[in-house]
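This report refers to the structure that appears directly beneath it.
None of the figures in this text is laboratory data; all of them are computed from the coordinates on show. Computed from a prediction, not measured in an experiment: that's the story for all the values here. Because the Cβ atoms are built from the backbone with ideal geometry, glycine has one as well, and the counts that use them run over all protein chains shown.
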Amino acid sequence: MNIGVYGGTFNPPHLGHLILAQSAIDALALDRVLLVPAFQSPFKHRSESLPASLRAEMVELAVSDNGKLRGEYYEVERAGVSFTLDTLKHLRMKHPDDTLFLLMGADTFLEFHLWKEPETIAGLAVLAVAERPGYEIDMASHPYGKAARRFSMPLIDISSTDIRRRVRDGLSIQYFVPWAVQVFITSQGLYREDLPAT
Ligand code: ATP
């Protein structure tokens, strides 16, 4: 099988995430995509994040209507700072006969060489990069440009930061996030206040 591994903070999961996953399924002939919420990203401030359990619940809601998408909660269960290196080693052992594709948006790929052991990661999974508005990648000059596969997706200028800001500002997030995620955010009163502007 071809398995996509798609890590992120998912705070909250939004349509950009899901369209990236669906585009990867189509472009790379993936049988499955695992959405892997980080317990704690090495690059994001803890104060910006919701408890991992709430983000995991939203990921579960976001994947619930697509048989090819799954939540993978290895990082949440493990706790501590989440390194993709460790997650991929775990998934490699769990799926020894499958090909792993590490999915990411252009903004993430631009920082990929700063990750823990990027070389090892590139040996464990095929790097697969989607375009994202505002982030140009010059593959020829990127240290991992040759190792990576680009795939196209409709450009979606939505971020979790936007969603959090919209909720704080009292704007609707309908169509920006899956319906079930919207209901969860509203019923739990998430993002209404006390989150620092980012
Ligand atoms: P935040 O605004 O809180 O920083 P985010 O919207 O960037 O969050 P993450 O969960 O940090 O979402 O992103 C996980 C992965 O999804 C990253 O690889 C990121 O590049 C990619 N991604 C997120 N949104 C988009 C989008 N609209 N288009 C393309 N890639 C995206």
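Tabulated data for the structure shown
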| item | result |
| --- | --- |
| Extension gain from TYR74 to THR161, taking 0.36 nm per residue of separation minus the Cα-Cα distance | 28.9 nm |
| Förster radius 30 Å - calculated FRET efficiency between HIS142 and ALA27 (Cβ-Cβ, nearest 0.05) | 0.95 |
| Neighbour net charge for ILE137 - beta-carbon separation under 15 angstrom, K R +1, D E -1 | -1 |
| Global geometry of the stretch 58-160, whether rounded, prolate or oblate, following the gyration tensor of its Cα atoms and the 1.5 cut on a/c | oblate |
| Longest site-free stretch - the chain; sites: trypsin sites (Lys or Arg not before Pro), DSSP loop, at most 12 other Cβ within 10 Å | 1-115 |
| Helical contribution to [θ] at 222 nm, DSSP H n ≥ 4, -39,500 (n - 2.57), averaged over the chain, rounded to 500 | -10500 deg cm²/dmol |
| Cβ charges +1 (Lys, Arg) and -1 (Asp, Glu), total dipole of the chain, debye | 140 debye |
| Shape call, the stretch 1-125: gyration tensor on alpha carbons, a/c limit 1.5 | rounded |
| Summed residue charge, Cβ within 9 Å of ASN2's Cβ, Lys/Arg positive, Asp/Glu negative | -1 |
| Most fluctuating residue given options MET139, MET104, MET93, as computed from a GNM of the chain linking Cα atoms under 10 Å | MET93 |
| Neighbour-limited loop hits for GluC sites (Glu not before Pro), the stretch 130-198 (at most 10 other Cβ within 10 Å; DSSP other than H, G, I, E, B) | GLU136, GLU193 |
